[in-house]
Each structure stands twice: as structure tokens, then as C-alpha cells.
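**Student:** Have a look at this one before I ask anything.
The values are calculated or read from the model by the stated rules, or taken from the named source; none is laboratory data. Computed from a prediction, not measured in an experiment: that's the story for all the values here. Positions of Cβ are generated from backbone atoms using ideal geometry, with glycine treated the same way; all protein chains shown enter the neighbour counts.
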Number of protein chains: 2
Amino acid sequence: MLKLKRIGIDTHRESIAYLNRGCTVYQPEEFQALAKIEVVGPDRQMPATLNIVDDPELLTPGELGLSEEAFRLFRLPEGTPVCIEHPRPLESLEAVRAKAQGHILSAGDYTAVIRDIAALRYSKMEIAAFLVACASFMTTEEVLNLTRAMAAVGHRLDWGDKWVVDKHCIGGIPGNRTSMILVPLVMAHGLVIPKTSSRAITSPAGTADTMEVLARVDIETDEMRAIVERIGGCLVWGGRVNLSPADDVMITVERPLGIDTREQMVASILSKKLTAGSRYLVLDIPVGPTAKVRSQAEAIRLRKLFEHIAGALGLMLETIITDGSQPIGRGVGPVLEARDVMAVLRNAPDAPSDLRERSLLLAGALIESDRNVKGGQGIRRARELLESGAALRAMERIIEAQGPSGNGLAASSLSSEVLAPRAGMVEAIDCLRIARVARMAGAPSFKAAGVDLLKKAGDAVRKGEPLYRIHAGLKADLDFAAELAGQDSGYLVDGMVETA
Amino acid sequence: MLKLKRIGIDTHRESIAYLNRGCTVYQPEEFQALAKIEVVGPDRQMPATLNIVDDPELLTPGELGLSEEAFRLFRLPEGTPVCIEHPRPLESLEAVRAKAQGHILSAGDYTAVIRDIAALRYSKMEIAAFLVACASFMTTEEVLNLTRAMAAVGHRLDWGDKWVVDKHCIGGIPGNRTSMILVPLVMAHGLVIPKTSSRAITSPAGTADTMEVLARVDIETDEMRAIVERIGGCLVWGGRVNLSPADDVMITVERPLGIDTREQMVASILSKKLTAGSRYLVLDIPVGPTAKVRSQAEAIRLRKLFEHIAGALGLMLETIITDGSQPIGRGVGPVLEARDVMAVLRNAPDAPSDLRERSLLLAGALIESDRNVKGGQGIRRARELLESGAALRAMERIIEAQGPSGNGLAASSLSSEVLAPRAGMVEAIDCLRIARVARMAGAPSFKAAGVDLLKKAGDAVRKGEPLYRIHAGLKADLDFAAELAGQDSGYLVDGMVETA
């Protein structure tokens, strides 16, 4: 028997067990060749990937270590006598192998695979095998079964008889912070909208990062529920709300692998909406040459799959295909985006009209899910709620309920302008390029860093006039970002990309 | 900057970097979401999978740890200032993504993927993605390109003008230790045969485990080369001979995932034969209901692919499809198998004739690659060399050159017999079952443990007569193995599986 030891290493959603190479009870190398072991305690067992330790200060030959998450999952104190065995075959892996061979999996197969993934019984390589096996093809029925399986392992929010609505954007457009405007708008109308958002991974800001400029977003499920019960909505980070534990695990493999299929996207999004207790969902699909979705044809294929699966799940869905040819609003980066959002909510004369109109369009669609609102009247109602200040007051209620951050909305004063080298008309703005410059400047780590767009598509520019202003957290970042912008500003003027 | 630290953890062919959660220079969680980081030293860089450390005794916030293999690979001393960056995109991963979408990859794609895998630039999940993407389909041209790419990264052995032969068995048959007989036979004829073999992973013995009963097998390339130059052959463990570094990495994912495609098998085996400098290969494909290859049709498909790829690589190949309906010889387990091998080489009257005849058949095919031997005369020549004691003397030279172990050939005295519950005729023996009983008894960890088969297919048995004897290393193992055998002995007698 070995003594259980907690090893202070976070192995990011993979259970890792550590065994000293000098262990005399077992043959570490033999087990390592199998990659996984079964950790067996007095009354429980758990599969884990094996790492072999050579350093006796980290682990002695008489100990078995578990990584942080595995230790939590195993729920036994340090020092508990445990033994290890050959890994018990995970039946659901047979389904993964079948899928890799091109078979169609059953609802039961998906349930088993997803349950094992959510319970951290899969190693990263096993998850990768599942994702890649699914990437080559899935029937619509399979997507439905995958979505159901993912929702089934989630922590389901129950809102009783309330008419709960939600909005989701496929993403890829910098500055597109419509959620922060439409959530208060829809609340002001009286609908319930418990909005969870993500933080940026590769973008300069996620809605959670931008909302965090104004209020606390790191909120657990129970507190979120209490806030929504009280005021009708929220704008929180989804990371603490256990909506789709399987998705939380799979994303740790999908993202680094860059596997990003339509089928996985639909299953991931709709499973979360299902567990969030939504009845009605407005889906925003921006289309543009540098957006996530590049063509109308692709947008329509995506829309059909969303509609098919949502329909089968009893979730009402309204899809809106929008213009994704350039960033929305002016600011890109948490503080700059929060400034734009508040300008819209405050009806400031210089508020970016594209952000306002996009938000009103989506809010209007949500409001029309209210049977007392006539078709076509939603956007008018949304505009009234914005202009009357009702939306701003709803936002103030959200900030108050979640806890105001007390931060200001001033961008970093460490800034530099990117100038037009000649006169012309802005035709398009490269979303990817602008996002890269903003990240290089420090967003989202430095909340006050980013890019402030001074010209948008359709604007005329004179030679030497600034196209945008870079705000950076550090001088070195400013130089790097300016250099990047100098190579390619991301602005297409009169058919040519501007370079300094 | 962070200080480089060596972390005494063997992460089994995956480069892992460790960063303390309290690191103030970087944001550990942000990097963790990307799974990998780029470790950047004064004059070099390396991608690595990121684990976050919470325990400051293991790693302080100012340090960057590297797992054992990553530290070796990075070749910089502890304390070297390093920084980390977002992972640089590995171009070859684009090919993996394309393959996952069903594309056909080019020779250049395979070269790039395999080079990166061999250099440990892929995480386990990325390797899994590549293997699964390839599992759904590969053209023959792709298999050829994969094989070439795998051979290209290997340490190639050059034997000059020597006619170097080799033999490979697809495996799955307990006791099938023909290599240990045919290598000395072929050497005695005057051919050169630098044989590398594997150790058991899930079987009760690999040829390397069995040979180790007689001699040292853990031999580096240079020593192996010297031995072969001197005596014309060897029987060593392949683990120290760097024939296919990419395969050594991929197997750490293939085996636990249970991905075992024809295409991968062909590429793995032929790439190793190519770097081993072989000119002529005899391939043994045993076919049986419990063998690795289950049907003639499957064997022929496999043979065609082997022939196609070997032909394109300029490697002469002779395939022999053999009977895999039961174990070969009597002993299963290192010592018991070594006993059978030596009995055959010594022309002992009780030597297992199936092991002798199978070895002569394969040795004959190898000997016929000598242009001075007429077609059909190879097996006769092999028999002469065996009966004259020339093969035994060649084996003695091998043992002497590699270093005799000095071990005896006595099986463990801790034994128990499995009896026939009724009279009848043995029809078949389940290879998988016998292997499992032998492993349970302690093979290959306990070299003297295993199973000694007292009856083979075609033999008549009386009620109560022993079918086989289990030899175990420990009393507990003997009990477990006997219990397993009691549930299902693996013997099919008169159409019924024997149970105690």
C-alpha cells in the first residue's frame, strides 16, 4: 500500500497521479507505458494519468501523489492507504474508437462519453481522440445527442414559470459589447435574463472582462440566482457557474488544438443555454472577411444546425445574421469598451451609433418574445427604454447588485496614434489585426489598454489624420503594438491596406 | 525573467513546464488556457505544456520548472534566466487539422509532423489528434510518406555492403519466441541479423524479456553495432537503439488509446527496419481467433499493404501467414520460454516441435535470401545448422558477447495445476486467456513466473489430467491466477470451454 499525498500542481482538468521511480510495491515504468492507472482507496477508485517522480523531496517511494484537482475529486485525506492497479477499461472509450473508425454513435454512447469526460476520467489525449473523431463528421441526430448529454451533466438552473431569455454571439468582432446594453434593456422591459459571459482567451476583451471594469463578475451560482431573482438579470462571468462541466473540460483540449467545428460549437452553446434555463434565445452571427463566420453560406449552414437542434430541444431560437466587416463601437479593450457601453446607455451625443443600433436590434428581437409585444414593435420599445434612461437605471441596479468596482473609465495615458499615410475612404477594418494590436498593447490584462478607433468604414480620411489611437499599459507594449500597426494598420483605404 | 529549474518528474515523452500561480511576471491562468507556452532562453526556445504549481516548496514564483525530459532537451543549466511567451504556432499542426477534416496530406506535411513529434514539440493531445485523424483513412501514398518521414528522423544504422536480414512477427501469440532460435540459425549460415526486440507491455513476455533470462539486453547502439560487426548478429532490447524516435513518442499515445490501425503498424515496423539497415525482411503474420490478426482476409490485406510500402522503399519482403490458433511451445513467461528455446537449440528430445518447426520455416525463408541457396532449400539448410549444433554455438556467442546473465532456467516452485474436469480432445487454446493467467501469476516482472502448457491442440486429455501448470512469484499471485483459470481455463475441449 502507498500513502496518499496531495501534490500542489494544477494539471488543468486532467487527473494526474505521481509515483516515485523507486517504488518497490509496483513497477512504475510498466504502469507508465499504459499511461493511466487506477487509484484504489478503501471505498473508491479513480483513473489518473501517471507521471513518475525522481525527486524524493517531492514524493517518497512509499507515497502516491495526486494533482490538486484529482486530490479534490478523490475526497480522501493525505496519508490514506491506497493501492494502484492497471486502469480499468473505460467502456465509453470503445465508442470513441468506433467513432474514429467512422461509426455513428448512439444517444447512450454520447451520454457515457460525456459523463466520463465531466468526471475527469478521460486523459487529455482521450479527449482529443473524441473531438477529432467527431470532427470528421457527425449526423444531426448525433449533434442533438451530444448536446443533450452535455446538458445532462450540467448544473441546471430552474427559474420556475419565469420567461427566461438569453442572447449569444458567435463572436470574433472586437468591441461588440451588445450584451452589456441589451441585458439592462430587456430587464427594463420586464424579461428575465441571467447572462453569463466569458473572459478573453485570445481576444483583447470578453464581455466578462469589460463588465469587470464596472462591477464584480466573479460570482457563484447561488449569488447569481439571488441577484436575478431580485432584479431580473445579471452580467456575470460564466466561469463560476457550472453550466456545462463537460464543456469546461473539453475546451481545455479544443482551444489549444484549434478544433472548432460547427457541430461542437452548436452542442457547446445550446447545452449551456439549456442548463441556464433559457426558453428563448437570440443568436447573433456576424459575417465578414475577418470575422469568425466568413460567408453568408457558412452563416446559413450554421443557422440551420442551430435551429434544428434548438427546435428538437424545445428552445425557441431567433437567428440574426449581422454585418461583421469591422469592429463595433470605437473602443477595443475592457475600459475603452465599457466607456462606449456607458455612453450608449447614457444617451451621450458621441455614443457609437453602430453599437447602439446593433444592441437595439438584438434587444428588440428578445422583447418580441413577449407575447404582448407585436411583431416589429420590439426595436421601438427597446429604443424607448434606452432614451428614457430606463436601461441606464437597470444597468445601475446590476452594478449595485454585483458590487461596483469603483474603477474609472479613463484609457491609459500612454498612447500613440496610427496615422493615415494618404487621403482616401476607409473600406473595411481587419478585426483580427485590430484585436492583435490591442492585445499587444496589453488588453485585457491591462484593463485600460487597447485601441480607440477614430475612423470607421465609410469615413473619409486626410493624409496624416489619425486612424486609431493605441493605449498601452507599458512603454515596451506601446512600442511593440505601434510597430505591429506600422507593418499593417488593419485599415483598408481605397482598396489598399495602410502601412506607415 | 524567471530562473530555470529542473523538476524531477518524468512526464513520459511530453515536455511539461511548471509555473507558480503567484508568478507576477506572467499571468499563469491565461497561459494555461492555451495549454502550451514557449520557453525562451538566451539562444533557444522550446514549446511545452503548462502545469501550474501552487506549492512554493516545489517551485517559487520567480522560477520556471521543466520536467526531466524537457530539461534535458533544453540543454541549459538550472538558474538560467528564461522568459515565456505565447506558444508559437506549429505549422505542422495545420496539416493535422486538415487531416482531421479529411484531407490528404503531402510528403512534406508528414515530414513536418513527424519531425515535430520526434522533437517533443507536440503535446499528447496533439499527437492523439494526429493519430485519430489518420485512423479514419490514409491513402497508400500517405502510408509511404509517413513511413519515410518516420525513418528520416531515426538514427540510421549503416552496415556497408553487408547483406542484412531481419524478421518481424505481428505478435499476439504467447510463447512464440522464434527470434531467439532463428537469429543464431541465420548467423550460423553467415547472414547478418541485428535483431532488436521489445519488452512486454500487456503480454507475459517480450523477446527482450525472455532473452534477458540468458544475457544482458539493455545495450546501446554503439555496443550493439560492435557486437554485430564481430559475430554477425545480436538479440537486444530495442529501447536503447534509437531506430524510430517518432514511433517511441507516438506509441505512448497509441497504446493507451488502443488505436491500432494497419497503416500505423506498417509505418511503424517498416520505418524501423529501414533505419536498422535491413535489406530483406521476413514477416510472420499469425492468424487465429484469439491472435492479433483474426482472419485470412485481414492477413492478406495487411500483407498487401506491407508489400506495397516495402517495395516502394526498396526493402525485400517475404510474408509468411502462420497458424495462430494457440500458443507456440510450452512455456509462457520469460524463464519458461527461454527453457523451450534452449531445448530446441540443444536438440533436446522433449523440445517443443511447433516452436522448432516455426523457427525453421522462418529461418529457411531468411536463408533463401542468400542467392547461393536454391529456392526450397532454406529450411533444409536451417535444419542442418540446428541439428549440427551450429545454431547452439551461435547462441552461445551471442550470450557471451552481450554478457551472460548467469540465471538458471528453473521455473518458480510455487506452482499449481489446472486440471481437465472431463475427458476429451483439446481443440484450441485461447491466447489471450493464457496470457492473462501468466501475467496474473507475475510474468514478466517475475521472470520465473508464467504458465507451462502440458497439453496442446490435438492432444487427448483424461478427466483430472493437468492441462497446464501455473508458476507464480508470490502466493497471492498464484491464488489469483488459479482463480482466473478456474473461471475459464482458456482450453476448448470438444467444443466446450473448460471451467473447473
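**Student:** Out of all the residues in region A:229-243, which are outside any loop (DSSP other than H, G, I, E, B) and either without any contact (Cβ under 8 Å) to a residue 40 or more places away in the chain or small (Gly, Ala, Ser) (or both)?
**Tutor:** Our first condition is that a residue be outside any loop (DSSP other than H, G, I, E, B); within region A:229-243, this holds for A:229-231, A:233-240.
Within region A:229-243, A:Glu229, A:Gly233, A:Gly238, A:Gly239, A:Arg240 meet the criteria.
**Student:** Another question about this same structure. Do any helices (runs of 4 or more DSSP H) entirely within region B:20-104 hold 3 or more residues that are within 9 Å of chain A (Cβ to nearest Cβ), and if so, which? Don't jump to the end; show me each part of the working.
**Tutor:** Numbers: elements: B:28-33, B:68-74, B:91-100.
Fully inside region B:20-104 and qualifying: B:28-33, B:91-100.
**Student:** Mind counting the residues in region A:137-170 that are farther than 28 Å from A:Leu185 by Cβ and part of a helix (DSSP H, G or I)?
**Tutor:** Qualifying residue count for the region: 12.
**Student:** Okay, moving on. Among (1) under 19 Å from A:Leu120 (Cβ atoms); (2) polar (S, T, N, Q); (3) surrounded by fewer than 17 Cβ atoms within 10 Å (Cβ to Cβ), where does A:Ser67 come up short?
**Tutor:** Among (1) under 19 Å from A:Leu120 (Cβ atoms); (2) polar (S, T, N, Q); (3) surrounded by fewer than 17 Cβ atoms within 10 Å (Cβ to Cβ), A:Ser67 violates only (3).
**Student:** What residue, among those in region A:1-19 that are part of a loop (DSSP other than H, G, I, E, B) and within 37 Å of the chain's Cα centre (by Cα), is nearest to the other protein chains (Cβ to nearest Cβ)? Don't jump to the end; show me each part of the working.
**Tutor:** Applying the first criterion (part of a loop (DSSP other than H, G, I, E, B)) to region A:1-19 yields A:1, A:8, A:11-15.
Among the residues that remain, those that are also within 37 Å of the chain's Cα centre (by Cα) are: A:8, A:11-15.
Details: A:Gly8: 3, A:Thr11: 5, A:His12: 5, A:Arg13: 10, A:Glu14: 9, A:Ser15: 13 Å.
Out of the qualifying residues, it is A:Gly8.
**Student:** Still on this structure, I have one more. Anything in region A:414-429 that is within 19 Å of A:Ala205 (Cα to Cα) and out of contact with any helix residue (DSSP H, G or I) (no Cβ under 9 Å at 6 or more places or on another chain)? List them, or say none.
**Tutor:** Passing the criteria: only A:Ile429.
**Student:** Related question: Out of region B:174-203, which residues are under 14 Å from the mean Cα position of the chain (by Cα), of a type outside the set (Gly, Ala, Ser) and either within 14 Å of another protein chain (Cβ to nearest Cβ) or within 27 Å of B:Gly160 (Cα to Cα) (or both)?
**Tutor:** Passing the criteria: B:Lys195, B:Thr196, B:Arg199, B:Ile201, B:Thr202.
**Student:** Still on this structure, please answer the following. For region B:289-310, enumerate the residues that are surrounded by 15 or more Cβ atoms within 10 Å (Cβ to Cβ) and of a type in the set (S, T, N, Q).
**Tutor:** B:Thr290
**Student:** For the list (1) touching a residue at least 60 places away in the same chain (Cβ under 8 Å); (2) under 21 Å from B:Arg13 (Cα atoms); (3) exposed (fewer than 14 other Cβ atoms within 10 Å of the Cβ), I need the number of the one condition that B:Pro81 fails.
**Tutor:** Checking B:Pro81 against (1) touching a residue at least 60 places away in the same chain (Cβ under 8 Å); (2) under 21 Å from B:Arg13 (Cα atoms); (3) exposed (fewer than 14 other Cβ atoms within 10 Å of the Cβ), the one that fails is (2).
**Student:** Within region A:367-392, how many residues turn out to be in contact with a Gly (Cβ under 6 Å, 6 or more places away or on another chain) and surrounded by fewer than 18 Cβ atoms within 10 Å (Cβ to Cβ)? Reasoning before the result, please.
**Tutor:** At the first step, the residues of region A:367-392 found to be in contact with a Gly (Cβ under 6 Å, 6 or more places away or on another chain) are A:367-368, A:378-379, A:382.
Subsequent filtering for residues that are surrounded by fewer than 18 Cβ atoms within 10 Å (Cβ to Cβ) retains A:379.
Here the count works out to 1.
**Student:** Then there is this: Please pick out the residue among B:Ala457, B:Ala443, B:Ala449 that is in contact (Cβ under 8 Å) with a residue 12 or more places away in the chain and surrounded by fewer than 22 Cβ atoms within 10 Å (Cβ to Cβ).
**Tutor:** Working: B:Ala443 fails: surrounded by fewer than 22 Cβ atoms within 10 Å (Cβ to Cβ); B:Ala449 fails: surrounded by fewer than 22 Cβ atoms within 10 Å (Cβ to Cβ).
The match here is B:Ala457.
**Student:** Picking from B:Gly232, B:Gly239, B:Gly258, which residue would you name as being farther than 26 Å from B:Glu307 by Cβ and either surrounded by 21 or more Cβ atoms within 10 Å (Cβ to Cβ) or among the acidic types (Asp, Glu) (or both)? Steps first, please.
**Tutor:** Working: B:Gly239 fails: either surrounded by 21 or more Cβ atoms within 10 Å (Cβ to Cβ) or among the acidic types (Asp, Glu) (or both); B:Gly258 fails: either surrounded by 21 or more Cβ atoms within 10 Å (Cβ to Cβ) or among the acidic types (Asp, Glu) (or both).
From the options B:Gly232, B:Gly239, B:Gly258, the qualifying one is B:Gly232.
**Student:** Considering only region B:105-136, how many residues are more than 11 Å from chain A (Cβ to nearest Cβ) and part of a loop (DSSP other than H, G, I, E, B)? Break it down into steps so the answer makes sense when it comes.
**Tutor:** Taking region B:105-136 as the starting set, the residues that turn out to be more than 11 Å from chain A (Cβ to nearest Cβ) are B:105-121.
Those left that are additionally part of a loop (DSSP other than H, G, I, E, B): B:105-106, B:119-121.
Here the count works out to 5.
**Student:** Hey, can you tell me all the residues within region B:368-386 that are of a type in the set (D, E, K, R), part of a helix (DSSP H, G or I) and in contact (Cβ under 8 Å) with a residue 12 or more places away in the chain?
**Tutor:** B:Arg380, B:Arg381, B:Arg383
**Student:** When A:Val426 is evaluated against the numbered criteria (1) over 30 Å from B:Thr24 (Cα atoms); (2) out of contact with any Phe, Trp or Tyr (no Cβ under 7 Å at 6 or more places or on another chain); (3) surrounded by fewer than 22 Cβ atoms within 10 Å (Cβ to Cβ), which criterion, by number, is the only one it fails?
**Tutor:** The number of the failed condition is (2).
**Student:** Test B:Val266 against the criterion of being buried (at least 23 other Cβ atoms within 10 Å of the Cβ), within 14 Å of chain A (Cβ to nearest Cβ) and within 20 Å of B:Leu146 (Cα to Cα), and give yes or no.
**Tutor:** Working: buried (at least 23 other Cβ atoms within 10 Å of the Cβ): yes; within 14 Å of chain A (Cβ to nearest Cβ): no; within 20 Å of B:Leu146 (Cα to Cα): yes.
When the stated conditions are applied, B:Val266 does not pass them.
**Student:** Next up: Does A:Ser244 meet the test of being polar (S, T, N, Q) and touching a Ser or Thr at 6+ places or on another chain (Cβ under 7 Å)?
**Tutor:** On the way: polar (S, T, N, Q): yes; touching a Ser or Thr at 6+ places or on another chain (Cβ under 7 Å): yes.
When the stated conditions are applied, A:Ser244 passes them.
**Student:** Is there a residue in region A:473-480 that is surrounded by fewer than 21 Cβ atoms within 10 Å (Cβ to Cβ), closer than 21 Å to A:Ala205 by Cα and in contact with a strand residue (DSSP E or B) (Cβ under 7 Å, 6 or more places away or on another chain)? Spell out the reasoning first.
**Tutor:** Restricting attention to region A:473-480, the residues satisfying the condition of being surrounded by fewer than 21 Cβ atoms within 10 Å (Cβ to Cβ) are A:473-476, A:479-480.
Now drop any that are not closer than 21 Å to A:Ala205 by Cα, which leaves A:473-476, A:479-480.
Subsequent filtering for residues that are in contact with a strand residue (DSSP E or B) (Cβ under 7 Å, 6 or more places away or on another chain) retains none.
Scanning region A:473-480, I find no residue that is surrounded by fewer than 21 Cβ atoms within 10 Å (Cβ to Cβ), closer than 21 Å to A:Ala205 by Cα and in contact with a strand residue (DSSP E or B) (Cβ under 7 Å, 6 or more places away or on another chain), so the answer is no.
**Student:** Pick out, from region A:387-500, the helices (runs of 4 or more DSSP H) lying fully within it that include 3 or more residues that are under 30 Å from A:Ile219 (Cα atoms). So that I can check it myself, show each step before the final result.
**Tutor:** On the way: elements: A:390-402, A:431-440, A:475-487.
Here the list reads A:390-402, A:431-440.
**Student:** Look through A:Gly160, A:Gly108, A:Gly154 and report the one residue that is under 14 Å from A:Pro245 (Cα atoms) and among the small types (Gly, Ala, Ser). Explain how you work it out, then say what you get.
**Tutor:** Details: A:Gly160 fails: under 14 Å from A:Pro245 (Cα atoms); A:Gly108 fails: under 14 Å from A:Pro245 (Cα atoms).
Criteria check complete, one pass: A:Gly154.
**Student:** Could you tell me whether any residue of region A:3-23 is on the phi > 0 side of the Ramachandran plot and aliphatic (A, V, I, L, M)? It would help to see each step written out before you state the result.
**Tutor:** So in region A:3-23, the residues on the phi > 0 side of the Ramachandran plot come out as A:12-13.
Narrowing further to those that are aliphatic (A, V, I, L, M): none.
Among the residues of region A:3-23, not one is on the phi > 0 side of the Ramachandran plot and aliphatic (A, V, I, L, M), which makes the answer no.
**Student:** Can you name every residue in region B:47-67 that is of a type in the set (Gly, Ala, Ser) and free of Cβ contacts under 8 Å to residues at least 60 places away in the same chain? Walk me through it before giving the result.
**Tutor:** Let us first name the residues in region B:47-67 that are of a type in the set (Gly, Ala, Ser), namely B:48, B:62, B:65, B:67.
The one that is of a type in the set (Gly, Ala, Ser) and free of Cβ contacts under 8 Å to residues at least 60 places away in the same chain: B:Ala48.
**Student:** Let me ask something else about it. Any idea which residue in region A:193-221 is surrounded by the most Cβ atoms within 10 Å (Cβ to Cβ), counting only those that are out of contact with any Phe, Trp or Tyr (no Cβ under 6 Å at 6 or more places or on another chain), at pLDDT 95 or above and assigned to a helix (DSSP H, G or I)?
**Tutor:** Step by step, filter region A:193-221, then rank; the result is A:Thr210.
**Student:** Continuing with the same structure: Quick check: anything in region A:262-272 farther than 18 Å from A:Leu392 by Cα, among the acidic types (Asp, Glu) and outside any helix (DSSP H, G or I)? Let's see the steps before the verdict.
**Tutor:** Narrowing region A:262-272 to residues farther than 18 Å from A:Leu392 by Cα: A:262-272.
Next cut, among the acidic types (Asp, Glu) only: A:263.
Filter once more, so that each one left must be outside any helix (DSSP H, G or I): none.
For region A:262-272, residues farther than 18 Å from A:Leu392 by Cα, among the acidic types (Asp, Glu) and outside any helix (DSSP H, G or I): absent.
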